[in-house]
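For reference, the structure discussed in these notes is given below.
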Amino acid sequence: MTEYAVHIARSAERDIFEAVAYIKEILFQPESARRIYNSIKMQILSLSEMPQRFAVIAEEPYRSMGMRKTSAENYLIFYLVDEKEKTVSVVRVLYNRREWKNLI
């Protein structure tokens, strides 16, 4: 099975940091913050194998870009697959109730 290199964009790193900080420092739920961080991390790392298992987003312009999404806990993970380079680029990690279409 082909393994893909997974790259996390600064925007996605910032998204994860802000989500975990909010849960830990504003909601005072450090255990939940740790669990959510680990869940997001594991889901992102799992994209190194068979990243195409999640469908391309149907709406434009995301379909033309080849943008895919998966989820972990209450967060959506948006990413692109480069078949030629065998890489996955995670571009955003957003809370699933946000209006994500304007944030990618």
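Every read-out reported here was derived from the displayed coordinates using simple, explicitly stated rules and does not represent laboratory data. Remember, it's a predicted structure, so these values are computed and weren't measured experimentally. Because the Cβ atoms are built from the backbone with ideal geometry, glycine has one as well, and the counts that use them run over all protein chains shown.
Of the residues GLU99, GLU25, GLU59, GLU85, which is under 22 Å from MET1 (Cβ atoms), over 14 Å from the mean Cα position of the chain (by Cα) and not aromatic (Phe, Trp, Tyr)?
On the way: GLU99 fails: under 22 Å from MET1 (Cβ atoms); GLU25 fails: under 22 Å from MET1 (Cβ atoms); GLU59 fails: under 22 Å from MET1 (Cβ atoms).
None of the other options fit; the residue is GLU85.
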Total residues in the stretch 1-35, condition β-branched (Val, Ile, Thr) and within 25 Å of VAL81 (Cβ to Cβ): 4
